[in-house]
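The values are calculated or read from the model by the stated rules, or taken from the named source; none is laboratory data. Here the structure is a predicted model, which is why all the values come from computation and not from measurement. Counting neighbours? That spans all protein chains shown, and the Cβs are built from the backbone with ideal geometry, glycine included. Just so you know, the surface numbers come from the protein's heavy atoms only, side chains and all, with ligands and any DNA or RNA stripped out. Shrake-Rupley method; radii C 1.70, N 1.55, O 1.52, S 1.80 Å.
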Amino acid sequence: MGNESFYQEFEVFSRRTKTSPFQHQFSLLAPNEDIAMVMAQENFMRREPVADIWVVKRDHIRGLNSEERQIVERLDNKDYRLTKGYGYLRKKWRQYEQGMFDEKEILSWAGGQKK
Amino acid sequence: MTQKFENPVVELLFQLADDDYLFSYRGSEWLGLAPHIEEDVAFSSITQDTMGHATVYYRLLEGLGLGAADSLAHIRPAAERKNSILVERPNGEGCYMENPRYDWAYAVARSYIYTTAKKIKIDSLKSSSDQSLAEAAVKISMELYYHLLHWKTWFVQLFNATEEARNRMTKALEKVVADSGDLFSFGDAASEITNASLIESEQVLLNRWTEYVKPVFETIKVAVPTFGKPERNGRNGEHTNELQDAIDTMSEVYATDLAAAW
Amino acid sequence: MTADVLLEKDLQAQFEERIAAGDKIEADDWMPEEYRLALIKLISMHGISEIMGALPEKEWVPKAPTLYRKLGIMAKVQDEMGHGQLLLRVAEDLIKPLGKNREDLMQDLFAGRLKFHNVFHMATKSWGDAGLIGWLVDGAAIITQTNMLNASYAPYARALQRICAEEVFHAQHGEAIILALAEGTEKQKEMVQDALNRWWEALLFFFGPPSSDTTGSTKQDITIKYKIRINTNEELRQGFLSKYIPRIQSIGLTIPDPTLRFDEETQKWIYQQPNWENFKKIQRNEGPKSQERLKLRRTSYDDTAWVREALSAQIG
């Protein structure tokens, strides 16, 4: 009887570094969240760095059901949301003898500005 | 009776190494038999970490010219071992291969008491006068937090669960306490070890342990146990036959050819 | 249009289209009964085999000859338990709609309704066996498991991706033990050769019968039809022989089959067929160690039943 409730389902998430997002790892069975937590890292992240862990009771997750999964479909006509839709600017800036502030250039500013 | 080493560092290293080694050896016998698959995996990580800690100490001994780490771990006879009685006790009735009737309550109670005692010692070792011991303690303590949280969770939850679980835990804890007389002892080498400021004294550590576990024992409504005078003191090489049985098994392959590479 | 207004045969046709198009199926998707049952059978057996497979190897964990080997084999057996965990979770989600959980899988195992892999019914008699299992049994397991990495059932494929990544370590762990012995003393070399002699038949059994003609049953046809795996048992076995025979021979070992040869014409290995009667016995849990291992698993499960009861009562 009791075994019904010993085997509760928990989903395990972790982030690899302090700045990385939480990623789903896998699910485990445990009788409660404290036991689930002390199982989580060693069951799914024995060989990789971990900065943080979540365990979430599966019942508390609202997922898409089989039919609802169709909401992920979309047309490939959204260049205007992407840098791809603005690639022509490179040529334009060249006319003004300027370089393009593309993703690579802009993210390289993470190193800071000249002091 | 075992020899006492001139150098108190050697004496203490053997106690620390043999403790972690036997504790992890007993843990390794549990592999595959835990109450829960997820726990089997988690428990084994703790066992591996602990054998890793033993290896750190055996390597320090190797560096001090005491012999190869593998040989120190595998073939020293019982009378030369310095581990506490608590860690040499079997996991329950029967052999791990054919008919183990292992007691999870005992595993949890022993692991909780052993690991909390280890924490108190490791914290003290961080300020050891011996540089290499202090460095080892800093490293080992990194992994201890998880071990403590893991065993505390099981210890508290099982004590506070059903009546049957509480009875089993109570019995198991009694058995653990009865064997813990030498857990905080440094044996005949005690004064040399503390005089050299390698670690604080037995009494200081024991008092600190009592304070440390008090809140947990309050949550399970059990008085913090006191350890009596040991019937045998493992630190002086006084052991049960159970230790020699363990040594025979752990060295079965290694002892077939001491010169071979494995 | 929602699923429930579609006719069963339309659903079946749609499902087969998805499979043909390489789409992946999730646990809560509609699936034909035949597909669900094949998955349950395959994955619960795979999962429980990992749990049972820990037992023969764990015999050598406390006996491993050095600290490094003790740690290595412990990590490896731990992974087997971990793989069992991953696979059983996948199986448990499949049996959940049937009102079953892990407890039922364990009881099925004890009652003989759920079988564990034939290779884990064998005795491990020496440290050489421990090494050989790591090297060749895991080698065979890698061939079977990588064959299903793109399985149409997504949860299984996700579990297998984790598993196969760890199997790389297992293969190297086994190789390390075997090479140390093969390069060691005469006694150590003998130890490996003996182990190979003992395990050769089990290695041929590993992939199962070539066809249902041999032993009366094989589930390979359905799993190939639904793109759960790619190759037949015999194709997998041939792949194993091609990859491993040169390596086995290169380190000075002799394969205990004088008829073994590679046939250039058919591009296939010709080998002495193992005694498939022994295989059938194992299928009935009458192998050399079948009953002992089941007893060990059951005793440890029963002896710890109080723990599971205690903590389930707590959350009420």
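Before moving on, here are some points about what is shown:
- Of all residues making up the stretch A:9-60, the number that are out of contact with any helix residue (DSSP H, G or I) (no Cβ under 6 Å at 6 or more places or on another chain), closer than 27 Å to C:A310 by Cα, open to solvent by 40 Å² or more (accessible area, probe 1.4 Å) and within 14 Å of another protein chain (Cβ to nearest Cβ): 6
- The condition (being touching a residue at least 40 places away in the same chain (Cβ under 8 Å), among the small types (G, A, S) and in contact with a helix residue (DSSP H, G or I) (Cβ under 7 Å, 6 or more places away or on another chain)) is satisfied by just one residue among B:A54, B:A79, B:A68, B:A34: B:A34.
- Cross-chain or 6+ apart pairs with Cβ under 6 Å, the stretch B:127-143 first and over 19 Å from B:T50 (Cβ atoms), then in a helix (DSSP H, G or I): B:S128/B:A134; B:D130/B:V9; B:S132/B:L60
- For the criterion of being open to solvent by less than 40 Å² (accessible area, probe 1.4 Å) and either out of contact with any helix residue (DSSP H, G or I) (no Cβ under 9 Å at 6 or more places or on another chain) or within 13 Å of another protein chain (Cβ to nearest Cβ) (or both), B:L125 fails.
- Residue in the stretch C:61-84 that is farthest from B:D40 (Cα to Cα), counting only those that are free of Cβ contacts under 8 Å to residues at least 24 places away in the same chain and in contact with a Leu (Cβ under 8 Å, 6 or more places away or on another chain): C:V61
- Just one of the listed residues (B:Q48, B:Q15) is touching a helix residue (DSSP H, G or I) at 6+ places or on another chain (Cβ under 8 Å), of a type in the set (S, T, N, Q) and open to solvent by 30 Å² or more (accessible area, probe 1.4 Å), namely B:Q48.
- Exactly one residue out of B:L31, B:L22 is closer than 23 Å to B:V253 by Cα, within 8 Å of chain C (Cβ to nearest Cβ) and either at pLDDT below 95 or open to solvent by less than 10 Å² (accessible area, probe 1.4 Å) (or both), and it is B:L31.
- Scan of the stretch A:56-115 for residues that are within 30 Å of A:S14 (Cβ to Cβ) and of a type in the set (V, I, T), ordered by number: A:V56, A:I61, A:I71, A:V72, A:I106
- When C:A123 is tested against the conditions (1) within 14 Å of chain B (Cβ to nearest Cβ); (2) hydrophobic (A, V, I, L, M, F, W, C); (3) part of a helix (DSSP H, G or I); (4) surrounded by fewer than 20 Cβ atoms within 10 Å (Cβ to Cβ), the lone failure is (3).
- For the stretch B:83-139, the candidate set comprises residues that are of a type in the set (K, R) and not in a helix (DSSP H, G or I); within that set, the residue that is farthest from C:T299 (Cα to Cα) is B:K126.
- Of residues in the stretch C:244-268 being of a type in the set (D, E, K, R) and loosely packed, with under 10 Cβ neighbours inside 10 Å, the one nearest to C:W135 (Cα to Cα): C:D263
- Taking first residues from the stretch C:282-309 that are open to solvent by 20 Å² or more (accessible area, probe 1.4 Å) and partners that are in a loop (DSSP other than H, G, I, E, B), the Cβ contacts under 7 Å between residues at least 6 apart in sequence or on separate chains come to C:Q283/C:K115; C:P288/C:M122; C:P288/C:A123; C:K289/C:M122; C:K289/C:A123; C:Q291/C:N285; C:E309/A:G2; C:E309/B:T162.
Quick grid of which residues meet (1) under 30 Å from C:N150 (Cα atoms); (2) in contact with a strand residue (DSSP E or B) (Cβ under 9 Å, 6 or more places away or on another chain); (3) β-branched (V, I, T):
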site	(1), (2), (3)
C:T185	no, no, yes
C:D194	no, no, no
C:I222	yes, no, yes
C:Y244	yes, no, no
C:R247	yes, no, no
C:L253	no, no, no
C:D257	no, no, no
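- Residues satisfying the stated conditions in the stretch B:231-262, i.e. under 14 Å from B:S185 (Cβ atoms) and assigned to a loop (DSSP other than H, G, I, E, B): B:E231, B:R232, B:N233, B:G237, B:E238, B:H239
- Hey, B:K119 closer than 29 Å to B:M250 by Cβ, more than 14 Å from every other protein chain (Cβ to nearest Cβ) and buried (at least 19 other Cβ atoms within 10 Å of the Cβ) or not: yes
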